[in-house]
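Contents: one structure, followed by commentary.
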Amino acid sequence: MRLHSENSNIRQYMLEGMTGLELESHRIDRNGRLAQTPHPFSGDPYIDRDFSEAQIEINTPPKDNPTEALGFLHDQLSIVHRKLQAQQELLWPFSNPPVIGSEEDIPIARYEGDLAPSYHYRVYLAERYGKYKMTYSGIHFNYSFDEALLRRNYEIERRQGEIERMKFDAYRDQFYLQLAEKALCYSWAVVSLLAASPLVDNSFYETGKSGSSIFTGFASLRCSEFGYWNPFLPILSYGSVDSYTNSIEVYLKQGMLIQARELYYPVRVKPPGKYTLKALRDKGINHIELRQIDLNPLADDGVRGEDMEFLKLLLVWLASTEMEPLSMQDQMQALQNHKTAAAYDWDLARISLPGQRAATLRTYLRQLLDRMKDFYEDVPQAMQILRYQEQKLDSENHRYARQVRDSYSSDYIGDGIRRAEQIQEAFHV
C-alpha cells in the first residue's frame, strides 16, 4: 500500500493536506530559572501546559499548509510574549532546560476539579521518571493527507485488486499505519537535520550548582539515549488498528504503562480529538504525528518554515515508497538509529537500515536527500527545500547544533536569557 504518485491524478494533488503544530517551552524569570507563577492562560483553547505549570504548550488547529500553521503559531506566541512581559517573564528558547535549583523548582501542572486526574498522572510520571527529564521541550508536527487524495488512491488500488474487499475507512487506517512504520524507520533523518540542543546548564547534572555551560556531546540531548524513554523497548504491530492498539495494551495490562500516552515513541498515529486507544478503534486514524523535533533557538518562532516543509515532503515521499514491514529486530534497530542520530558528529555515528550495511549518518543523509530530489525533480518549491537541507551536509556552519554550540557555549544561561529578551522584543510587545 502506497501513494501512487506516478499517476498524474495523484501527483498533482499529492502535497495537499493539513498541518498542525505543537510547541512546548518554559516560562522563566529574569534570572533564567523556571517561573513559579500560575499558568497565565487558563481556559485558552490553544495555550495550555505540558508536564510543568511553567511549561507552555501551544497547539495550532489543522491548517492547509505549514506556512499557515506557522502563522497561527506566531500569533499565539505574540499573545504569550505580551502576557509574559507584563509579569516580568520570558520564554526559554532551548529544548534543554534553564537553571534548575532542585526537583522542587519544577512545579507540576496544577490541574484541579474534573481535571485532577491530569495532575495525579503527572505526579506518577515525576515519581517514575524523575522531574528532570520532564523539562525537555520540543515541537510536534502533525500531518493528514487530503481526504479526496486518499479516496482517489484507494480507487486506484481497488482497481488493481490489491484491496478489493477493504472499505475506505479501513484503507485509510492502514495507509497511516504503514506510513508510521516507514516514518519510524526514517526517524533518524528528522533527528539529524533538525537537532538544535547540544548544550545544557550544569544544574541539570549537579544539584545546587549552576552557571557552567556543558557541551553534552550530542546535537540533541532529548533525542539521545539520555532522553525521555520508557524503561523498556516497545515493539508495536502495524498490521491493523486493532493489532496496533492491542500491542500497546499489552504494556498496559502488564503494568509497564498506566496510560497509552505514556508510551514515549517518536511517531504516533492519532484519532480526531483526544488521543486514546478507544478513540483510535472507534474513530480511526486521522493523522500522523512526528514528535522528535527540537526547539530552534535561532528562529523567533522556535521553528523554521523550511524544516516544517521538509517534514511534509518527507512524509509524502515515504507514503509513495514501497517498504517491507519492519521485523521486531528492525523496530529495535530503528529506535537505536533514532538515538544514534542525536550524535553531534555525523561522520562517526553509524546507523543501519533494513537490508543495508551500516554507514555514517552523513552517508545516509546524502542518500536520502538524493532519492527525494529524484522524486521531486518536477516540483521547484520542493527542490528549494531539499537544497536548504543539503546545505547542512555541505557545510557544518549550516547545522543548527553547530550554530547553537558556537553562539551559546560560553554562557548558555546568560546568552539564553538575552536571546529570550531579543525574541520577546521582536514580537513588539
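Hey, any hits in region 92-115 for a residue that's touching a strand residue (DSSP E or B) at 6+ places or on another chain (Cβ under 7 Å), among the basic types (Lys, Arg) and under 25 Å from Leu257 (Cβ atoms)?
No, because not a single residue in region 92-115 is touching a strand residue (DSSP E or B) at 6+ places or on another chain (Cβ under 7 Å), among the basic types (Lys, Arg) and under 25 Å from Leu257 (Cβ atoms).
Could you look through region 42-60, keep only residues that are in contact with a helix residue (DSSP H, G or I) (Cβ under 7 Å, 6 or more places away or on another chain) and not small (Gly, Ala, Ser), and pick out the one that is surrounded by the most Cβ atoms within 10 Å (Cβ to Cβ)?
Of region 42-60, the ones in contact with a helix residue (DSSP H, G or I) (Cβ under 7 Å, 6 or more places away or on another chain) are 46-47, 51-52, 56, 58, 60.
Now narrow it down to the ones that are not small (Gly, Ala, Ser): 46-47, 51, 56, 58, 60.
Values: Tyr46: 15, Ile47: 20, Phe51: 24, Ile56: 26, Ile58: 23, Thr60: 21.
My answer is Ile56.
Say we look at region 71-96 and pick out the residues that are touching a Leu at 6+ places or on another chain (Cβ under 7 Å) and of a type in the set (A, V, I, L, M, F, W, C); which of these is farthest from Ile417 (Cα to Cα)? Even if it seems obvious, please write down each step before you answer.
Kept after step one, since they are touching a Leu at 6+ places or on another chain (Cβ under 7 Å), are these residues of region 71-96: 73, 80-81, 84, 90-91, 93-96.
Then keep just the ones that are of a type in the set (A, V, I, L, M, F, W, C); that gives 73, 80, 84, 90-91, 94.
Numbers: Leu73: 22, Val80: 16, Leu84: 14, Leu90: 8, Leu91: 9, Phe94: 10 Å.
It comes out as Leu73.
Restricting attention to region 331-350, does a residue exist that is more than 20 Å from the chain's Cα centre (by Cα), under 30 Å from Ser243 (Cα atoms) and modelled with pLDDT of 95 or more?
Among the residues of region 331-350, not one is more than 20 Å from the chain's Cα centre (by Cα), under 30 Å from Ser243 (Cα atoms) and modelled with pLDDT of 95 or more, which makes the answer no.
Within region 152-162, is there a residue that is among the hydrophobic types (A, V, I, L, M, F, W, C) and surrounded by 21 or more Cβ atoms within 10 Å (Cβ to Cβ)?
No, the conditions are met nowhere in region 152-162.
Which members of region 298-328 meet the condition of being over 13 Å from the mean Cα position of the chain (by Cα), of a type in the set (D, E, K, R) and not in a loop (DSSP other than H, G, I, E, B)?
Across region 298-328, the qualifying residues are Glu306, Glu309.
Please go through (1) modelled with pLDDT of 95 or more; (2) surrounded by fewer than 18 Cβ atoms within 10 Å (Cβ to Cβ); (3) more than 30 Å from Phe310 (Cβ to Cβ) for Leu125 and return the number of the only condition it doesn't satisfy.
(2)
Taking into account only those residues within region 280-307 that are of a type in the set (A, V, I, L, M) and touching a Ser or Thr at 6+ places or on another chain (Cβ under 7 Å), which is surrounded by the fewest Cβ atoms within 10 Å (Cβ to Cβ)? If you could, list the steps in order and put the result at the bottom.
Filtering region 280-307 down to residues of a type in the set (A, V, I, L, M) leaves 280, 285, 288, 290, 293, 295, 298-299, 303.
Add one more test, that the residue is touching a Ser or Thr at 6+ places or on another chain (Cβ under 7 Å), and what stays is 280, 295.
Values: Leu280: 22, Leu295: 28.
Looking at residues that are of a type in the set (A, V, I, L, M) and touching a Ser or Thr at 6+ places or on another chain (Cβ under 7 Å), I get Leu280.
Return the residues of region 267-293 that are of a type outside the set (A, V, I, L, M, F, W, C), closer than 13 Å to Asp173 by Cα and within 18 Å of the chain's Cα centre (by Cα); say none if nothing qualifies. Even if it seems obvious, please write down each step before you answer.
Step one: of region 267-293, the residues of a type outside the set (A, V, I, L, M, F, W, C) are 268, 270-276, 278, 281-284, 286-287, 289, 291-292.
Now restrict to residues that are closer than 13 Å to Asp173 by Cα: 268, 270-272, 281-284, 286-287.
Scanning region 267-293 gives Arg268, Lys270, Pro271, Asn286, His287.
Residue by residue, here is whether (1) of a type in the set (A, V, I, L, M, F, W, C); (2) touching a Phe, Trp or Tyr at 6+ places or on another chain (Cβ under 8 Å); (3) more than 20 Å from Asn286 (Cα to Cα); (4) part of a helix (DSSP H, G or I) holds:
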position: Thr19; (1), (2), (3), (4): no, yes, no, no
position: Ser25; (1), (2), (3), (4): no, yes, yes, no
position: Asn31; (1), (2), (3), (4): no, no, yes, no
position: Glu57; (1), (2), (3), (4): no, no, yes, no
position: Gln76; (1), (2), (3), (4): no, yes, yes, yes
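Of the conditions (1) farther than 22 Å from Arg222 by Cβ; (2) crowded, with 21+ Cβ neighbours inside 10 Å; (3) touching a Phe, Trp or Tyr at 6+ places or on another chain (Cβ under 9 Å); (4) not aliphatic (A, V, I, L, M), Phe72 satisfies every one except a single condition; which number is it?
(2)
Any residue at all in region 77-89 that's under 20 Å from the mean Cα position of the chain (by Cα) and either more than 20 Å from Ile28 (Cα to Cα) or buried (at least 20 other Cβ atoms within 10 Å of the Cβ) (or both)?
Within region 77-89, one or more residues are under 20 Å from the mean Cα position of the chain (by Cα) and either more than 20 Å from Ile28 (Cα to Cα) or buried (at least 20 other Cβ atoms within 10 Å of the Cβ) (or both).
Across region 90-117, what is the number of residues that are crowded, with 16+ Cβ neighbours inside 10 Å and free of Cβ contacts under 8 Å to residues at least 60 places away in the same chain?
2
The values are calculated or read from the model by the stated rules, or taken from the named source; none is laboratory data. On a predicted model such as this, the values are computed, not experimentally measured, just so you know. Positions of Cβ are backbone-derived with ideal geometry, glycine not excepted, and every protein chain shown enters the neighbour counts.
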